[in-house]
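Notes for the one structure printed next.
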Amino acid sequence: MSNIAIFASGSGSNAEQIMTYFSEHPQRGRVVALLSNKSDAYALERAKKWGVESYVFSAKELRESPEVVLNYLSSKGVDFIVLAGFMLLVPTALVRQYEGRIVNIHPALLPKYGGKGMYGDRVHSAVIAAGEELSGITIHYVNECYDEGAYIFQASVAITQGDTAESLAEKIHALEHKHYPEVIARVIGEVIG
Ligand code: GRF
């Protein structure tokens with residue numbers, strides 16, 4: 001059984017779906033920690049509600065002393081990391097330690113609309129400005145570059161007349177909530193068992 005850590009910088013609606021899913025399917029994994037680089041992230045409130053321990057670090061700490069975060073993860077027995085709206089680049093030391101056991105979700109159909117600076121409504125605004133008919137989600141392994149690890153899963157949604165960055169964000173969130181927890185559980189089943 002896997003011990004999962006979630007990294008989240010913002011609202012944490014995906015984190016909450018994941019905590020809900022694994023509390024309902026405890027045989028598939030257990031969320032043991034939620035880590036954030038933002039002490040005011042709403043994701044931390046959600047973790048508290050679910051009785052999940054939280055750990056806050058600064059961007060500088062993560063960049064300059066990743067071993068501190070690694071030690072924390074190891075003290076919790078973490079063997080799988082889920083990024084859910086985590087805004088920082090994951091340092092090499094973490095990527096290496098958790099290679100093949102660290103995943104992210106991106107709110108677009110990569111390889112388009114990804115990379116540094118492409119997050120949140122910026123993604124959805126760019127998709128709409130380009131006149132795309134489809135957008136979607138990409139769940140992928142994490143490597144040392146933003147949004148470039150191997151893809152695990154994609155799902156798409158139609159963009160309809162009158163869609164705004166806001167309305168598209170809502171559709172994308174619904175898609176994320178539907179798929180991310182199950183895809184995580186499937187990957188854990190394959191790589192950890
Ligand atoms: C999601 O859209 C995810 O794709 C992106 O960041 C957003 C996080 O949303 N990486 P939330 O904090 O889970 O609500």
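The values are calculated or read from the model by the stated rules, or taken from the named source; none is laboratory data. If you're wondering where the values come from, they're calculated on a predicted model, not measured in any experiment. Positions of Cβ are backbone-derived with ideal geometry, glycine not excepted, and every protein chain shown enters the neighbour counts. Please note that ligands, DNA and RNA were not included when accessible areas were found on the heavy atoms of the full protein model with its side chains. Shrake-Rupley method; radii C 1.70, N 1.55, O 1.52, S 1.80 Å.
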Matching residues in region 40-82 (within 16 Å of the ligand (Cβ to nearest atom) and in contact with a Ser or Thr (Cβ under 9 Å, 6 or more places away or on another chain)) number 10
Does at least one position in region 56-67 carry a residue that is among the β-branched types (Val, Ile, Thr), open to solvent by less than 30 Å² (accessible area, probe 1.4 Å) and touching a strand residue (DSSP E or B) at 6+ places or on another chain (Cβ under 7 Å)?
no
Does region 125-136 contain at least one residue that is part of a loop (DSSP other than H, G, I, E, B), of a type in the set (A, V, I, L, M, F, W, C) and at pLDDT below 95?
no
Under 8 Å between Cβ atoms, at least 6 apart or on separate chains: pull out the pairs that start in region 1-18 with a residue that is open to solvent by 20 Å² or more (accessible area, probe 1.4 Å) and end on any residue that is aromatic (Phe, Trp, Tyr).
Asn3/Phe80; Gly10/Tyr42; Ser11/Tyr42; Glu16/Trp50; Gln17/Tyr180
When both residues are 6+ apart or on different chains and their Cβ atoms are under 9 Å apart, which pairs have a first residue that lies in region 150-178 and is over 19 Å from Asp121 (Cβ atoms), and a second that is more than 13 Å from the ligand (Cβ to nearest atom) and open to solvent by less than 50 Å² (accessible area, probe 1.4 Å)?
Ile152/Val187; Phe153/Val187
Flagged in region 19-38 as touching a strand residue (DSSP E or B) at 6+ places or on another chain (Cβ under 6 Å) and either open to solvent by less than 10 Å² (accessible area, probe 1.4 Å) or within 16 Å of the ligand (Cβ to nearest atom) (or both), in numbering order, are Met19, Phe22, Gly29, Val31, Ala33, Leu34, Leu35, Ser36
Of residues in region 154-186 being in contact with a Gly (Cβ under 9 Å, 6 or more places away or on another chain) and more than 17 Å from Leu109 (Cα to Cα), the one surrounded by the fewest Cβ atoms within 10 Å (Cβ to Cβ)
Ala185
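Residues are listed down the side, and each one gets a yes or a no for (1) in contact with an Asp or Glu (Cβ under 7 Å, 6 or more places away or on another chain); (2) under 21 Å from Tyr119 (Cα atoms); (3) part of a helix (DSSP H, G or I):
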| residue | (1), (2), (3) |
| --- | --- |
| Ser9 | no, yes, no |
| Ala15 | no, yes, yes |
| Arg46 | yes, no, yes |
| Lys60 | no, yes, yes |
| Leu73 | no, no, yes |
| Asn104 | no, yes, no |
